[in-house]
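*Asks:* One structure is given below, represented as structure tokens, and several questions about it will come after.
We did not get these values from a lab; they are worked out from the coordinates using the rules stated. Everything numeric here is computed off the predicted structure, so don't read it as measured data. For neighbour counting, all protein chains shown are included, and Cβ atoms are generated from backbone atoms with ideal geometry for every residue, glycine included.
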Amino acid sequence: MGERLAEEWHAARRARSGGGPEGPAPHELRASDADRERVAQVLNDAVADGRLRMDEFEERIDAVYRARTLGDLAGITGDLLPPDQQPLRLDQGQVAAIFKKERRDGRWVVPAELPVTAIGGTTRLDLRDAIMQTRRVVINATLVFGGLEIEVPEGVEVIRVTKDRTVRLTRQPAEPDAPVIEVRTSNFLGEVKVKEPPRRRRRR
């Protein structure tokens with residue numbers, strides 16, 4: 001019930017702002033060699049422990065190396081691992097923590113606009129291995145006595161935007177054209193934390 005209400009809230013919020021998805025859909029993004037290797041590793045493990053026959057493995061591994069987009073890859077391991085353990089995650093739905101902890105990590109596509117809800121719980125977004133759909137991502141956060149934790153790789157800037165001010169949450173310097181995560185909070189009754197990689201020591 002709580003997650004359904006959160007979906008309705010974010011849908012109404014998008015309608016008021018006129019916002020919508022930008023750029024190519026996640027399944028249309030080009031796959032990298034590293035993405036193919038991730039899927040291939042799952043297939044290797046599956047044939048090794050008997051979940052796949054050799055003929056099934058050969059058919060699927062051929063599909064892996066012929067894949068051009070993330071969408072071509074995403075379904076290949078669908079029956080081998082649960083959704084939260086898939087080597088690629090293309091779901092663009094909201095991330096909701098209703099009196100629990102919820103996280104999104106691994107190789108996943110961060111959409112141009114991501115609704116996040118934390119009501120009495122904590123939502124954690126790990127962006128270190130993620131693919132950002134656009135260079136500026138807007139997180140519409142509904143926090144009611146809950147928390148949002150964002151872990152970013154080097155060179156990504158995070159700002160929090162409220163009705164009356166904008167606050168930079170990352171401390172390390174970023175390039176002028178660096179990717180930006182913009183956290184918008186209209187009813188801010190929670191906490192936003194950002195974890196950055198350790199600073200590199202300058203050589204003397």
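*Asks:* Charges at C-beta only: +1 for Lys and Arg, -1 for Asp and Glu. How large is the resulting dipole of the range 33-85 about its Cα centre, in Debye rounded to 20?
*Replies:* It comes to approximately 100 debye.
*Asks:* With a cut-off of at most 12 other beta carbons within 10 Å, and DSSP calling the residue loop, which trypsin sites (Lys or Arg not before Pro) in the range 53-92 qualify? Please list them. Numbers along the way, then the final one.
*Replies:* Values: sites: R53, R60, R66, R68, R89; in loops: R53, R68.
Those that pass, being in a loop and sparsely packed, are R53, R68.
*Asks:* OK, next. Radius of gyration and Dmax for the range 33-85's Cα atoms, expressed in Å?
*Replies:* Gyration radius and largest Cα-Cα distance of the range 33-85: 10.3, 28 Å.
*Asks:* For the range 75-90, just list the computed ³J(HN,Hα) in residue order, Karplus coefficients 6.51, -1.76 and 1.60, θ = phi - 60°, integers in Hz, with x standing in for Gly and Pro.
*Replies:* Listing the rounded values in order: x, 5, 10, x, 9, 10, 9, x, x, 7, 10, 5, x, 9, 10, 10 Hz.
*Asks:* Could you go through the range 38-48 in sequence order and give the Karplus-derived ³J(HN,Hα) for each residue, using 6.51 cos²θ - 1.76 cosθ + 1.60 with θ = phi - 60°, rounded to whole Hz, and x for Gly and Pro?
*Replies:* Taking θ as phi minus 60°, the curve returns 4, 5, 4, 5, 4, 5, 4, 5, 5, 6, 5 Hz for the range 38-48.
*Asks:* Working out 0.36 nm times the residue gap between R128 and R165, then minus their Cα-Cα distance, what length gain in nm do you get to one decimal? Walk me through the numbers before you get to the answer.
*Replies:* Details: separation 37, 0.36 × 37 = 13.32 nm, distance 2.73 nm.
Stretched fully, the R128-R165 segment lengthens by 10.6 nm.
*Asks:* Sort F57, F99 so the one with the fewest other Cβ atoms within 10 Å of its own Cβ comes first. Before the final figure, lay out each step's value.
*Replies:* On the way: F57 17, F99 11.
With the fewest neighbours first, F57, F99 line up as F99, F57.
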